[in-house]
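In what follows, a structure is listed as structure tokens, so that the remarks can point back to it.
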Amino acid sequence: MAKNKTANPEKEMNNTIASAETGGVNWRRVARLMLVSRALDRTEEQRLVPGGFVTYQFSSRGHDLAQILLGLAMQHPRDAAALYYRSRPFVLTQGLTPEEALRSTMGRSGGVSEGRDIGVVHNLPSRGGATVLPTSGDVGAQYTPASGWAQAIRYRTEVLRQNEWNGAIAAALGGDGSCATNGFWAALNIVTTGKLPFLFFIEDNGYGISVPSRFQTPGASIAENLASFKNLHIVSGSGTEPVTTSALINDAVARVRSGEGPVLLHLNVPRLSGHSFVDTQAYKPADLLERERADDPLPKVRDFMIAQQILTAEEWTALEAEADAEVEAAAERALAAAHPDPVHTRDNVFYEAGSPQRVGGTMPEIGEEAVAATLRGSHEPKQSGPRMNLVDAVRQTLNEELARNDRMLVFGEDVGLKGGVHGATIDMQSRFGEARVFDTSLSEEGIIGRSVGMAMAGLVPVPEIQFRKYADPAHEQINDCGTMRWRTAGTFAAPMVVRIPVGFGKKTGDPWHSVSGEAIYAHLIGWRIAYPSNAADAVGLLRTALRGNDPTFFFEHRGLLDTKEGRRPYPGEDFMVPFGVANVVKEGTDITIVTWGETVHRALDAASMTSASVEVLDLRTVVPWDREAVLRSVRKTNRCIVVHEDNWTCGFGAEIAATITQDAFTWLDAPIERLATADCPIPYNPGLMESVVPTAGSIAASIEKTMRF
Ligand SMILES: Cc1ncc(C[n+]2csc(CCOP(=O)(O)OP(=O)(O)O)c2C)c(N)n1
């Protein structure tokens with residue numbers, strides 16, 4: 001086969017050299033990117049870390065060739081890649097400039113997170129090629145969001161018929177250590193079960209910090225151990241040989257693009273530096289360090305290019321000098337760059353009107369104003385019609401919003417054919433089809449993680465978690481989703497509505513199905529929480545959440561799903577309840593009870609058991625909570641009890657009591673009382689259960705006590 005010798009190297013940066021030996025790869029571009037990546041690593045290690053300008057430093061030396069080859073193969077504008085901290089060479093292939101890279105690691109303005117996150121924790125909206133999904137500091141957390149993007153590709157091509165998504169793929173890059181994480185296995189199940197267009201790109205350097213691969217998977221090779229996994233094409237090989245590595249990568253990407261299903265590409269690479277700057281690698285034997293140096297892909301690329309007459313030795317030296325000069329100049333500019341203004345440190349925790357995210361949710365495609373217009377519903381419930389169970393009201397609202405918005409998808413365990421273990425999605429799948437209403441694998445991390453990816457790809461995921469306790473495995477994804485908008489300085493967001501039945505049942509409790517648990521989520525950053533006490537509020541809050549632009553928990557109390565307390569007439573198809581607006585469910589002048597969810601009804605019962613004039617406030621949303629309504633009521637009644645079902649210590653009642661103490665202390669005629677479930681799990685035996693949760697009787701006693709003070 002004829003070799004394509006470059007006649008004029010300076011003009012050939014974008015030339016693709018097409019011959020069997022060069023494998024359709026633009027080797028000049030590969031070399032240039034590798035040299036820039038090395039110069040960045042070197043500049044940080046030798047100058048910026050010692051100078052105190054970079055505090056977290058991770059080099060990619062040894063991993064760089066493979067990542068660059070992958071990046072050059074992922075230039076479809078709807079591709080997405082989920083990365084980890086050693087992935088900067090890949091980000092360079094998607095257009096990150098050396099100056100942006102150094103501004104990021106130095107925490108300066110103009111870096112990818114505006115100084116909010118470690119510089120190698122990248123994110124990058126598509127600059128023509130792949131979207132770099134917001135990286136997480138949690139090893140393994142990259143996998144399930146990428147699987148959600150892959151599912152969104154399927155949905156957009158096959159259901160929405162958006163041709164611009166045809167042939168797009170999702171990839172997740174990870175080290176050998178990451179293959180032991182829950183996220184890896186959750187994503188593996190999702191993409192193989194759904195035969196999604198997904199590439200696992202495993203960069204095996206033999207170590208997770210100091211722990212050898214044999215501790216991560218038996219026999220140290222994840223590729224061998226997955227050999228029998230259905231619907232997974234596995235390829236293994238070297239990540240440092242120009243010819244074979246590029247062939248492996250291009251073949252893997254082509255397979256995924258052609259719709260063959262997921263591929264796991266396992267590449268052996270040397271880690272030619274410590275795990276991070278502070279790591280001396282004292283745990284590696286000397287002969288291994290020697291073998292790793294001998295496996296450095298950079299000299300191999302140089303020798304290959306010279307042998308193939310793609311360039312001469314002198315031209316290589318010139319290319320090196322060019323890359324060094326470019327990085328040197330970038331470093332000077334980055335060093336001169338401003339530090340981010342602390343005035344903005346707390347911006348972007350939640351969506352703020354006027355600053356929509358660039359990637360994620362419906363706003364980037366539909367427009368901020370168009371989305372805002374959908375939030376202008378009626379705040380007056382229709383009072384006519386039969387009373388409806390809360391669970392039926394939830395189902396009707398989901399049905400109406402699914403019919404209105406073809407980007408919305410409802411899914412979870414048993415949500416499809418069965419219609420959910422609580423019946424909230426009965427008949428929904430037959431009405432909207434299996435692509436929009438479906439069962440998932442039994443993996444809460446997978447359910448939330450895939451939702452994150454789907455949301456970033458512009459869909460509106462509405463996952464159901466079967467019971468509050470069973471959201472525990474999803475905590476990492478929940479946490480990272482909440483901070484995404486802030487971490488990316490407002491660039492990415494993953495709005496979704498997570499529906500969770502919470503609280504004790506109407507007849508019984510137990511430690512597993514009866515958790516309320518709002519305080520843990522209120523403590524997280526970036527999540528909104530709705531906790532309705534009746535069917536009408538459930539409709540209005542759910543509709544507001546589904547049309548909103550932030551991740552939101554929607555709590556459905558099990559004791560209200562089909563009981564008379566929760567029943568209300570259907571409030572109408574355009575009824576919406578704004579978040580952060582409490583409802584005064586009973587007016588009074590002697591004492592205020594602040595509560596939400598099922599205990600609203602217990603508080604009303606308690607009020608009828610005493611002679612005091614009790615005002616009952618139903619917060620309806622815990623995040624944001626209506627501080628003004630609470631303070632207004634307390635300034636009127638001068639006494640306050642906070643009641644909730646979640647347990648006592650660090651319960652949300654403590655937050656409310658502290659706020660009243662701070663802002664309305666002089667208005668109080670008695671100490672603020674708190675009533676909450678004792679600090680023990682909810683018992684199964686009904687008598688035991690009632691002995692620990694607030695009851696109408698215990699609330700009434702508390703009213704009497706406070707009135708007597
Ligand atoms: C969930 C989680 N646990 C632990 C860590 C700390 N940690 C950071 S990197 C790392 C090793 C990862 O090794 P590997 O996935 O093989 O990638 P490599 O650094 O070798 O490229 C560990 C344990 C983390 N960041 N996240």
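Points to keep in mind about this one:
- Check on GLY111, assigned to a loop (DSSP other than H, G, I, E, B), away from the ligand (no atom under 16 Å from the Cβ), crowded, with 23+ Cβ neighbours inside 10 Å and without any contact (Cβ under 8 Å) to a residue 60 or more places away in the chain: yes
- Residue check for ARG127: among the charged types (D, E, K, R), within 28 Å of PRO342 (Cβ to Cβ) and at pLDDT 95 or above: no
- Residue that is least open to solvent (accessible area, probe 1.4 Å), among those in the stretch 342-357 that are out of contact with any helix residue (DSSP H, G or I) (no Cβ under 6 Å at 6 or more places or on another chain) and assigned to a loop (DSSP other than H, G, I, E, B): GLN357
- Only residues that are in contact (Cβ under 8 Å) with a residue 60 or more places away in the chain and part of a helix (DSSP H, G or I) were counted across the stretch 522-563, and they come to 15.
- Set side by side, the residues ARG450, ARG487 differ, and just one is within 16 Å of the ligand (Cβ to nearest atom), surrounded by 24 or more Cβ atoms within 10 Å (Cβ to Cβ) and not assigned by TED's automatic domain parsing to the domain that holds SER147, which is ARG487.
- Long-range neighbours under 7 Å by Cβ, at least six apart or interchain, first residue on the phi > 0 side of the Ramachandran plot within the stretch 338-350, second open to solvent by 50 Å² or more (accessible area, probe 1.4 Å): ASN348/TRP486
- Strands (runs of 3 or more DSSP E) wholly inside the stretch 402-480 that include at least 1 residues being acidic (Asp, Glu): 437-439, 460-464
- All helices (runs of 4 or more DSSP H) inside the stretch 193-309 with 2 or more residues being over 28 Å from ILE169 (Cβ atoms) and open to solvent by 40 Å² or more (accessible area, probe 1.4 Å): 286-294, 297-307
- All of SER221, SER273, SER246 fail the test of being in contact (Cβ under 8 Å) with a residue 60 or more places away in the chain, among the hydroxyl-bearing types (Ser, Thr, Tyr) and within 16 Å of the ligand (Cβ to nearest atom), apart from SER273.
- Scan of the stretch 490-521 for residues that are open to solvent by less than 30 Å² (accessible area, probe 1.4 Å), more than 30 Å from VAL112 (Cβ to Cβ) and in a loop (DSSP other than H, G, I, E, B), ordered by number: GLY503, PHE504, GLY505, GLY509, ASP510, SER514, SER516, GLY517
- In the stretch 152-186, the qualifying residues are those that are open to solvent by 30 Å² or more (accessible area, probe 1.4 Å) and hydrophobic (A, V, I, L, M, F, W, C), and the one that is nearest to the ligand (Cβ to nearest atom) is ALA180.
- Against the list (1) closer than 23 Å to ARG547 by Cα; (2) open to solvent by 10 Å² or more (accessible area, probe 1.4 Å), the condition LEU390 fails is (2).
- Annotation note: of PRO551, PRO532, the sole residue that is under 27 Å from ARG487 (Cα atoms) and either surrounded by fewer than 20 Cβ atoms within 10 Å (Cβ to Cβ) or not aliphatic (A, V, I, L, M) (or both) is PRO551.
- Residue list for the stretch 519-557, restricted to those being under 17 Å from the mean Cα position of the chain (by Cα) and of a type in the set (S, T, N, Q): ASN549, THR552
- Hey, ARG293 charged (D, E, K, R) and either over 21 Å from CYS179 (Cβ atoms) or within 15 Å of the ligand (Cβ to nearest atom) (or both) or not: yes
- Test for LEU72: is it away from the ligand (no atom under 16 Å from the Cβ), outside any loop (DSSP other than H, G, I, E, B) and surrounded by 22 or more Cβ atoms within 10 Å (Cβ to Cβ): yes
- Leading residue by the ranking (nearest to the ligand (Cβ to nearest atom)) among those in the stretch 52-69 that are touching a helix residue (DSSP H, G or I) at 6+ places or on another chain (Cβ under 6 Å) and part of a loop (DSSP other than H, G, I, E, B): SER60
- Selection of the stretch 128-151 for residues being open to solvent by 10 Å² or more (accessible area, probe 1.4 Å), assigned to a helix (DSSP H, G or I) and either within 16 Å of the ligand (Cβ to nearest atom) or among the hydroxyl-bearing types (Ser, Thr, Tyr) (or both) yields only PRO145.
- Close pairs from the stretch 199-218: first at positive phi, partner in a strand (DSSP E or B) and away from the ligand (no atom under 11 Å from the Cβ), Cβ under 9 Å, at least 6 apart: GLY206/ASN268
- Residue in the stretch 635-646 that is open to solvent by less than 40 Å² (accessible area, probe 1.4 Å), in contact (Cβ under 8 Å) with a residue 24 or more places away in the chain and on the phi > 0 side of the Ramachandran plot present: yes
- Any hit, the stretch 372-388, residues being β-branched (Val, Ile, Thr), assigned by TED's automatic domain parsing to the domain that holds THR425 and either under 29 Å from the mean Cα position of the chain (by Cα) or within 29 Å of SER104 (Cα to Cα) (or both): yes
- Filter result for VAL30 (under 30 Å from ILE306 (Cα atoms), not in a helix (DSSP H, G or I) and not assigned by TED's automatic domain parsing to the domain that holds SER136): no
- Scanning the stretch 187-204 for residues that are within 16 Å of the ligand (Cβ to nearest atom) and within 17 Å of ALA146 (Cβ to Cβ) returns ALA187, LEU188, PHE200, PHE201, ILE202, GLU203.
The values are calculated or read from the model by the stated rules, or taken from the named source; none is laboratory data. Quick caveat: nothing in here was measured; it's all calculated off a predicted structure. Virtual Cβ from ideal backbone geometry, glycine too; neighbours counted across all protein chains shown. Note: accessible area is taken over every heavy atom of the protein model, side chains too, but ligands, DNA and RNA are not part of it. Shrake-Rupley method; radii C 1.70, N 1.55, O 1.52, S 1.80 Å.
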